[in-house]
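One structure is given below, encoded as structure tokens.
Coordinate-derived values only; no laboratory data. The model shown is predicted, which means the values in this text are computed figures rather than measured ones. So basically every Cβ, Gly included, is an ideal-geometry build from the backbone, and we count neighbours across all protein chains shown.
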Amino acid sequence: MTDTTMPTKDHGRAGRDLPAAVTSALVLVGAILVSLLFWKTAFMVIVAIAVVVAIWELHRGFGAKGIDLPEQPLMLGGVVMVVVAYFWGAPALVTATAVAALMTMLWLLRRGIDGYVQNATASVFSLVYVPFLGSFVALLLSEGGGVNAHGLDDAGVQGIIAFIAITVASDTGGYVAGVLFGKHPMAPVISPKKSWEGFAGSVVFCLVAGWALVVYLLDGDWWVGLALGVIAAVMATLGDLCESVIKRDLGIKDMSQVIPGHGGLMDRLDSLLATVAPIWLLLHYAVFT
């Protein structure tokens with residue numbers, strides 16, 4: 001079995017190669033903004049590619065524990081879930097998720113009895129964790145609306161920008177406050193570098209960013225912005241902790257090294273996947289409806 005752990009340099013309290021991390025982040029954000037502003041369907045292509053890469057990373061990571069995810073049906077099912085969510089909405093997403101789960105379980109029958117429950121359970125978990133949660137990005141982008149005073153072509157584009165910006169605010173606030181003031185570990189066994197001071201920084205950054213985004217970008221009520229900030233800070237932190245638990249259980253440091261300075265794609269998607277569903281729910285009913 002291939003060892004999925006890789007030696008890494010010690011970058012101090014920052015915990016990462018900061019120049020490489022910033023460069024990678026700028027490239028990713030640039031690609032996202034270009035796709036959203038010029039042809040938003042291209043953004044769904046980016047989401048679909050992210051789903052495929054994330055499933056590959058989970059297959060690679062789970063292999064460290066002898067769990068063999070069936071990549072082909074998970075990747076195909078994940079892409080289909082994203083597409084149907086974008087074009088046909090939440091009911092279609094639920095149906096596609098159920099069908100993808102059943103088809104994956106049927107696919108595993110070809111391998112025989114040994115390890116079936118383990119692999120099938122991990123497969124359904126992966127299907128919900130990545131493509132199902134990721135498909136809420138498609139639901140958010142599909143929100144309708146006309147051109148507004150900010151020049152954005154519809155509510156979906158506004159929602160995606162707000163969703164990404166508030167999650168980045170959470171990560172940035174936690175990173176800055178953690179590096180400068182972090183002294184009290186939040187969960188030392190799970191994530192030693194994550195501190196309560198960092199969480200406080202996430203909350204402050206998210207409250208300010210949420211208020212500004214909702215009021216000035218989405219033309220919504222101030223209280224929705226504060227609610228958005230609280231949701232993002234809490235869910236992004238939980239998402240990061242959950243992914244840290246998964247990696248520690250698997251005995252790996254990063255899911256892969258596909259993003260310089262960040263590690264694996266899942267190491268960057270953890271917060272986004274955790275925040276997108278409640279953010280879609282809040283914006284759908286409190287702003288877009």
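Determine the relative contact order of the range 171-289: mean sequence separation of Cα pairs under 8 Å and six or more apart, normalised by residue count, in whole percent. Could you put the intermediate results ahead of the total?
Numbers: 171 pairs, mean separation 24.0, N = 119.
Computed over the range 171-289, the figure is 20 percent.
Along its three principal axes, how long is the chain when you only count alpha carbons? Whole Å, largest extent first please.
Computed over the chain, the largest-to-smallest principal extents equal 58, 47, 28 Å.
Applying a 10 Å radius around every beta-carbon, put 82-94, 183-195 in order of their mean neighbour count, most first.
The densest-packed peptide leads the list: 82-94, 183-195.
Find how much the distance from ARG111 to LEU281 grows on full extension, using 0.36 nm per residue of separation minus their present alpha carbon separation; answer in nm with one decimal.
Working: separation 170, 0.36 × 170 = 61.20 nm, distance 3.94 nm.
Stretched out fully, the ARG111 to LEU281 stretch lengthens by 57.3 nm.
Which ordering of ASP154, ASP114, ASP254 is given by a fewest-first count of other beta-carbon atoms within 10 Å?
Result, fewest neighbours first: ASP114, ASP154, ASP254.
What are the extents of the Cα atoms of the range 163-289 along their three principal axes, listed from largest to smallest and rounded to whole Å?
Extents along the principal axes: 45, 29, 23 Å.
For the range 185-231, what relative contact order do you get, as a whole percent, if you take Cα pairs closer than 8 Å and at least 6 residues apart? Spell out each step's value before the answer.
Details: 51 pairs, mean separation 14.4, N = 47.
Once divided by the residue count of the range 185-231, the mean separation gives 31 percent.
State the extension gain, in nm to one decimal, for the chain segment bounded by VAL230 and TRP88, taking 0.36 nm per residue of separation less the distance between their alpha-carbons.
On the way: separation 142, 0.36 × 142 = 51.12 nm, distance 2.98 nm.
Net length gain for the segment: 48.1 nm.
To the nearest 0.05, how large is the calculated FRET efficiency for LYS253 and LYS183 if R₀ is 25 Å and r is the Cβ-Cβ distance? Intermediate values should be presented prior to the final figure.
Details: r = 24 Å, r/R0 = 0.95.
Step by step, r from the Cβ atoms, then E = 0.60.
Measuring from centroid to centroid over Cα atoms, what is the spacing of the range 66-101 and the range 152-180 in Å?
Value for the Cα centre distance between the two parts: 26 Å.
Suppose the chain between VAL99 and VAL29 were pulled fully straight at 0.36 nm per residue; how much longer would it get relative to their current alpha carbon spacing?
Contour length minus Cα-Cα distance gives 21.9 nm.
Give the dimensionless ratio obtained when the Cα radius of gyration of the range 38-142 is divided by 2.2 N^0.38 Å.
That ratio works out to 1.07.
Compute the relative contact order of the chain as a whole-number percentage, counting only Cα pairs closer than 8 Å that sit 6 or more residues apart in sequence.
20
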